[in-house]
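To start, the structure under review is shown below, and the notes come after it.
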Amino acid sequence: MPGHPVFAALYDLCQRPAARILDPWRHRVAGGAEGRVLEVGVGTGLNLPFYPMDRVVRLVGLEPDPHMGRRAAARARRLGLPLELVAAPAEEIPFASGSFDTVVATHVFCTVVDPRRALAEVFRVLRPGGMFRFLEHVRASDERAARWQDRLTPVWRRVAAGCHPNRPTAEEIEAAGFLLDELEHFDMPGAGLAKPHIWGVARRPGPTEPGGGQE
């Protein structure tokens, strides 16, 4: 579904207060990318300054919202980055299987319509042994907090562009067939229902590993 130009215009402004905390994590996500790289949900391009272009041979940004995409394109031009923008949802990535060495996602799987289908697509377009690097906010580990997330999600998603604060994204990544090589949890101060965060690196199994033959 196309986004709204006002939301796209305000998005960067709303992100600025959190930049001091989130930018080091964005650097950890994008800074480890290499080879042929796909960023799912590139948004306005907040991760673009952190890509190591000496190790990236191709950089593709997937973004279904044209208003966000235009801002990402403008940011890429300012940075002098050869970003290829593709207008498509995460559930329908228009690339052949094994097309990428690295897939990056930050604050994406809270809003996709079908996270399981989207993760299956990420798995598919990664080569065996390829990396999925992510930063997401997730369901609280404390059950009382998680129940509050469940109660308030119907309202939250309407005012936060479809965001679901109660998704168990780490578990869904594993269920999609990925091997979790690194996973860290941290709290984002002042983030309300979106406070619990995860940063991690998952890997599509190689040909000799269990699950390595999946498509």
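Every number in this text was worked out from the coordinates using simple rules, so none of it is lab data. These numbers were taken from a predicted model, which means no experiment stands behind them. Here Cβ is always computed from backbone atoms with ideal geometry, including for glycine, and neighbour counts include all displayed protein chains.
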Packing-based ranking, highest mean first, of 69-77, 44-52 given that Cβ atoms within 10 Å are counted: 44-52, 69-77
Per-residue ³J(HN,Hα) for segment 39-56, Karplus 6.51 cos²θ - 1.76 cosθ + 1.60, θ = phi - 60°, Hz, x for Gly and Pro: 9, 7, x, 5, x, 8, x, 5, 7, 4, x, 9, 6, x, 5, 6, 10, 9
Whole-Hz ³J(HN,Hα) from phi, Karplus 6.51 cos²θ - 1.76 cosθ + 1.60, for segment 59-67, glycine and proline x: 10, 10, x, 9, 8, x, 8, x, 6
Shape of segment 26-102, Cα gyration tensor, a/c cut at 1.5: oblate
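Listed highest first by mean packing, meaning other Cβ atoms within 10 Å per residue, what order do 174-184, 99-109 come in?
99-109, 174-184
For segment 68-140, what does the alpha-carbon gyration tensor say about shape, rounded, prolate or oblate, given a ≥ b ≥ c as the root eigenvalues, a/c under 1.5 as rounded, and a/b over b/c as prolate? Don't skip to the answer; put the middle values down first.
Values: a/c = 1.70, a/b = 1.25, b/c = 1.36.
Judged from the Cα gyration tensor, segment 68-140 comes out oblate (a/c at least 1.5, b/c at or above a/b).
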